[in-house]
Amino acid sequence: MADEINNQILEALFKLVKDFKGSMSDSFKHSHLTMLQCEAMLCIKQHKQAHMGDIASHFATTMPTATALIDKLIDTKYVKRENDAKDRRIVRISLTKSGEKLLLEATKQKTNKMDKLLSYLPKQDKLDLLRILNILAEKSESL
């Protein structure tokens with residue numbers, strides 16, 4: 001019985017994640033970016049001026065693989081690479097104005113979709129969902 005409930009929860013989570021990734025993909029569709037590139041842009045935004053190591057760590061990959069991913073984004077003009085003024089060995093990655101604009105549009109679409117989805121729940125259910133998700137996220141990090 002518990003296994004069946006756990007499987008149903010997992011299926012529902014996968015469906016939600018897939019649906020939201022799909023809507024993010026729709027937001028980026030005109031830009032011809034892959035979901036991996038979109039996620040890299042989100043990572044860069046979170047780190048402000050990310051280092052290549054931040055990108056490699058986020059994707060649990062090697063520096064050459066992360067560099068190849070970022071090089072493709074640089075070619076699109078959504079991301080730029082800059083050497084650190086104090087230490088030329090450090091390379092910082094940041095979003096360009098057009099990259100920030102694209103990410104803002106996609107985030108607005110995602111937020112609107114989440115607002116509509118959560119509008120089906122009463123406030124207490126939203127609070128319970130948030131509490132439960134925070135517990136699971138915290139426990140997941142320690143597994």
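What the table below lists for this structure:
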| quantity | calculated |
| --- | --- |
| Among the candidates Lys72, Lys77, residue that is surrounded by 15 or more Cβ atoms within 10 Å (Cβ to Cβ) and either in contact with a strand residue (DSSP E or B) (Cβ under 6 Å, 6 or more places away or on another chain) or of a type in the set (D, E, K, R) (or both) | Lys72 |
| Scan of region 79-116 for residues that are assigned to a helix (DSSP H, G or I), among the hydrophobic types (A, V, I, L, M, F, W, C) and touching a Phe, Trp or Tyr at 6+ places or on another chain (Cβ under 9 Å), ordered by number | Leu102, Leu103, Ala106, Met114 |
| Selection from region 105-129 of residues that are exposed (fewer than 11 other Cβ atoms within 10 Å of the Cβ) and of a type outside the set (D, E, K, R) | Thr111, Ser119, Tyr120, Pro122, Gln124 |
| Residue match in region 24-46 (condition: in contact with a strand residue (DSSP E or B) (Cβ under 6 Å, 6 or more places away or on another chain), modelled with pLDDT under 90 and assigned to a loop (DSSP other than H, G, I, E, B)) | no |
| Pair list, Cβ < 7 Å and 6+ apart or interchain, from region 69-92 residues that are free of Cβ contacts under 8 Å to residues at least 12 places away in the same chain to residues that are assigned to a loop (DSSP other than H, G, I, E, B) | Asp84/Ile90 |
| Given (1) surrounded by fewer than 13 Cβ atoms within 10 Å (Cβ to Cβ); (2) over 26 Å from Lys113 (Cα atoms), index of the condition Leu10 fails | (2) |
| Positions within region 51-62 being at pLDDT 90 or above and in contact with a helix residue (DSSP H, G or I) (Cβ under 6 Å, 6 or more places away or on another chain), in sequence order | Ile55, Ala56, His58 |
| Single residue of region 131-143 satisfying the filter (within 19 Å of the chain's Cα centre (by Cα) and under 23 Å from Lys18 (Cβ atoms)) that is modelled with the lowest pLDDT | Glu141 |
| Cβ-Cβ under 6 Å pairs, at least 6 apart or on other chains, region 102-117 side within 26 Å of Lys77 (Cβ to Cβ), far side hydroxyl-bearing (Ser, Thr, Tyr) | Leu102/Ser31; Ala106/Ser27; Gln109/Ser27 |
| Glu100 vs. criteria under 19 Å from the mean Cα position of the chain (by Cα), closer than 15 Å to Cys43 by Cβ and of a type outside the set (Val, Ile, Thr) | yes |
| Residue match in region 58-66 (condition: over 17 Å from Thr34 (Cα atoms), of a type outside the set (A, V, I, L, M, F, W, C) and surrounded by fewer than 13 Cβ atoms within 10 Å (Cβ to Cβ)) | yes |
| Residue in region 53-60 that is of a type outside the set (Gly, Ala, Ser) and over 15 Å from the mean Cα position of the chain (by Cα) present | no |
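The values are calculated or read from the model by the stated rules, or taken from the named source; none is laboratory data. Keep in mind that what you see is a predicted model, and the values were worked out from it rather than measured. Cβ: placed from backbone, ideal geometry, glycine included. Neighbour counts: every protein chain shown.
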